[in-house]
1. So what's the back-of-envelope 222 nm ellipticity for the chain, counting only DSSP H runs of four-plus at -39500 (n - 2.57) apiece and dividing by all residues, rounded to 500?
2. Tell me the carbon and sulfur percent of the accessible area for the chain, rounded to whole percent, probe radius 1.4 Å.
3. Before I look further, what does the chain give for accessible area per residue, probe 1.4 Å, in whole square angstrom?
4. If the chain between Arg85 and Thr102 were fully stretched, how many nm would it gain, using 0.36 nm times the residue separation less the Cα-Cα distance?
5. Excluding Thr83 itself, what net charge comes from residues whose Cβ is under 15 Å from its Cβ, given Lys and Arg +1 and Asp and Glu -1?
6. Between Arg93 and Phe45, what FRET efficiency follows from the Cβ-Cβ distance if R0 is 30 Å, with the result rounded to 0.05?
7. Give me a comma-separated list of calculated 3J(HN,Hα) values for the range 62-77, in order, Karplus coefficients 6.51, -1.76, 1.60 applied at θ = phi - 60°, integers in Hz, x for any Gly or Pro.
8. What percent do you get for the relative contact order of the chain when only Cα pairs under 8 Å and 6+ apart count?
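The values are calculated or read from the model by the stated rules, or taken from the named source; none is laboratory data. Being a predicted model, the structure only gives us computed values, none of them experimental. No Cβ is skipped: glycine too gets one built from the backbone with ideal geometry, and neighbour counts run over all protein chains shown. SASA here: full protein model, heavy atoms, side chains in, ligands and nucleic acids out. Shrake-Rupley method; radii C 1.70, N 1.55, O 1.52, S 1.80 Å.
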Amino acid sequence: PADPLSPQEHGLDFQRLLDASAYKETYRQDMIRWGEEKRRADPGFFCRTAVEGAAQPVWVVSDTRRLSDVEWFRDVYGDAVQTVRVVATEETRKRRNWVFVTG
């Protein structure tokens with residue numbers, strides 16, 4: 001589609017977008033473009049959505065790939081935020097069937 005894509009706006013199966021299927025791959029580039037547009041307009045959009053209504057005393061937020069996400073949590077929650085970075089070698093990642101794809 002010409003417009004950036006959100007699952008809710010285009011009737012996509014959200015659960016299928018979470019798995020490792022061809023379904024997700026069909027929409028991946030459109031979803032990336034949509035997400036980047038949302039972040040450009042509002043860097044905290046996804047972080048606020050993730051914590052909306054959450055009341056747990058401790059949260060584990062995994063897979064924050066952007067420094068702007070970590071900065072948002074630090075700005076909002078201050079010293080309560082603790083970060084951990086888990087790193088795997090490229091060799092280990094390849095053994096787990098990871099394949100780098102440009103773009």
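1. -14000 deg cm²/dmol
2. Ligands and nucleic acids excluded, carbon and sulfur reach 52 percent.
3. Counting only protein heavy atoms, the per-residue value for the chain is 83 Å².
4. 3.8 nm
5. Taking every Cβ under 15 Å from that of Thr83, the sum is -1.
6. The value I calculate is 0.55.
7. With the stated coefficients, the range 62-77 comes to 9, 6, 8, 8, 10, 4, 4, 5, 4, 4, 4, 4, 5, 5, 7, 10 Hz.
8. Normalised by residue count, the contact order of the chain is 18 percent.
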